[in-house]
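The values are calculated or read from the model by the stated rules, or taken from the named source; none is laboratory data. Keep in mind that this is a model prediction, so the values were computed, not measured. Cβ coordinates were reconstructed from backbone atoms using ideal geometry, including for glycine residues, and neighbour counts include every protein chain displayed. Areas reflect the complete protein model, heavy atoms only, side chains present, ligands, DNA and RNA absent. Shrake-Rupley method; radii C 1.70, N 1.55, O 1.52, S 1.80 Å.
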Amino acid sequence: MRLLLIEDDLMISEGLTTALRQSGYAVDAVADVQTAKLSLTNEKYDLIILDLGLPDGSGLDILKKLRSHHDPVPVLIVTAKDTLKDVVAGLDSGADDYMIKPFELEELEARIRVLLRRSEGRASPVLTLGNIQLNPATHGFSIDGRQIILSAREFAIIYALMENPNSVLSRQQIEEKIYGWNEEVESNAIEYHISQLRKKIGRDIIRNIRGVGYVLEKKA
Ligand code: CA
């Protein structure tokens, strides 16, 4: 899951980036309208966290531009602007949710999960594929009810594959889902994490299509 964080308060931005990465999200952080628009042109995001008061303009302009291009990406506004008028204007400009600073990290992460669940068209908070279950809220992963402990990266990879069952994701597509810009990625990192995953969950669940990528296959 790749998130764009648009926030000019460095303390909040760094704190959120660290916390969300620990939760297994890839996070790109930008601090102004111009850089945000550039990032949105160049990358594909699963969700945007949007501050409104930015040094070179309003976050609402970013939001309005996205929606005028029919971009359905979930947008969560996180702002100090707390009047009823601000909240209504944010939602009516196309935001999917609105949080007022200061906020609790736990609640922000829960709202992120809600927005991702809705954008994936899931009713249940738990992802199920055959005998495999994944719970984004608890980072729980189980096969036939047997819990398996995964690292944040392993969890992020299996989540990306479960989101797209029976379709092949290339190494690059997986990298884009799990690494932000300024994170060092070793050239064989994905292969390494997948080999670790296979040791934990079994060899036959993630299939490697030579030269193409990886696919999670539904088993009865
Ligand atoms: Ca601000």
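What's the local net charge at Gly94, with K and R +1, D and E -1, over the other residues with C-beta under 12 Å away? Present the calculation step by step, with values, prior to reporting the outcome.
Working: positive: Lys64, Lys65, Arg67; negative: Asp61, Asp71, Asp92, Asp96, Asp97.
With Lys, Arg at +1 and Asp, Glu at -1, the net is -2.
Count charges around Glu107 for me, please; just the other residues with Cβ under 13 Å from its Cβ, Lys/Arg as +1, Asp/Glu as -1. Working shown, then result.
Working: positive: Lys101, Arg111, Arg113; negative: Asp97, Glu104, Glu106, Glu109.
It works out to a net charge of -1.
Helix 33-42 against the longest principal axis of the chain: what's the angle in degrees, Cα atoms only, rounded to the nearest 10?
30 degrees
Using the Cα gyration tensor of segment 69-131, with a ≥ b ≥ c the square roots of its eigenvalues, what is the shape: rounded (a/c below 1.5), prolate (a/b larger than b/c) or oblate (neither)?
Values: a/c = 3.54, a/b = 1.65, b/c = 2.14.
Since a/c reaches 1.5 but b/c is at least a/b, the shape of segment 69-131 is classed as oblate.
Which of the peptides 206-217, 36-47 is most tightly packed, and how do the rest follow, going by the mean number of other Cβ atoms within 10 Å of each residue?
Working: 206-217: 14.2, 36-47: 16.4.
Highest-to-lowest ranking by the protection proxy: 36-47, 206-217.
Roll a 1.4 Å probe over the protein chains and send me the accessible area per residue for the chain in Å². Write down the numbers at each step before the final one.
Working: 11330 Å² over 220 residues.
Value returned for the chain: 52 Å² of accessible area per residue.
Over the chain, what is the relative contact order in whole percent, taking alpha-carbon pairs under 8 Å and six or more residues apart? Provide the component values of the computation, followed by the final result.
Numbers: 337 pairs, mean separation 38.6, N = 220.
Reported as a whole number, the value is 18 percent.
For segment 127-216, give the percent of accessible area contributed by carbon and sulfur heavy atoms, probe 1.4 Å, rounded to a whole number. Before the final figure, lay out the partial values.
Numbers: 2110 of 4680 Å².
After summing per-atom areas, the C and S share lands at 45 percent.
What does the C-alpha gyration tensor say about the overall shape of segment 2-119? Classify as rounded when a/c is under 1.5, otherwise prolate if a/b is larger than b/c, or oblate. Can you show the working numbers first?
Values: a/c = 1.19, a/b = 1.10, b/c = 1.08.
Cα axes put segment 2-119 in the rounded bin.
Of the trypsin sites (Lys or Arg not before Pro) in segment 117-197, which ones lie in a loop per DSSP and count no more than 14 other C-beta atoms within 10 Å? If you can, show how the numbers build up before the last one.
On the way: sites: Arg117, Arg118, Arg122, Arg146, Arg153, Arg171, Lys177; in loops: Arg122.
Loop-located and lightly packed - Arg122.
Rounded to the nearest 500 deg cm²/dmol, what is the calculated helix-only ellipticity per residue at 222 nm for the chain, with -39500 (n - 2.57) per DSSP H run of length n ≥ 4?
Values: 8 runs with 90 residues, N = 220.
Dividing the helical sum by the residues of the chain leaves -12500 deg cm²/dmol.
Using the Karplus curve 6.51 cos²θ - 1.76 cosθ + 1.60 with θ = phi - 60°, what ³J(HN,Hα) values do you get for each residue of segment 141-157, in whole Hz, with x for Gly and Pro?
9, 9, 10, 6, x, 8, 6, 10, 7, 10, 6, 4, 5, 4, 4, 4, 5
In straight Cα distance, which lysines are under 26 Å from Lys199, not counting same-chain residues fewer than 8 positions off?
Lys177, Lys218, Lys219
Do you know the Lys pair count in segment 2-119 for C-alpha distances under 18 Å, with sequence separation 8 or more or different chains?
The number of close lysine pairs in segment 2-119 is 8.
Between Val185 and Val88, what's the calculated FRET efficiency when r is the beta-carbon distance and R0 is 30 Å? Round to 0.05.
Details: r = 42 Å, r/R0 = 1.39.
Here the calculated transfer efficiency is 0.10.
May I ask for the net charge around Ser119, where only other residues with Cβ less than 13 Å from the Cβ of Ser119 are counted and Lys, Arg are +1 while Asp, Glu are -1? Display every interim value, and only then the final one.
Working: positive: Arg2, Lys44, Arg111, Arg113, Arg117, Arg118, Arg122; negative: Asp46, Asp71, Asp96, Asp97, Glu120, Glu163.
After counting each charged neighbour, the total is +1.
Over the Cα atoms of the chain, how large are the radius of gyration and the largest Cα-Cα distance (Dmax), in Å?
18.1, 55
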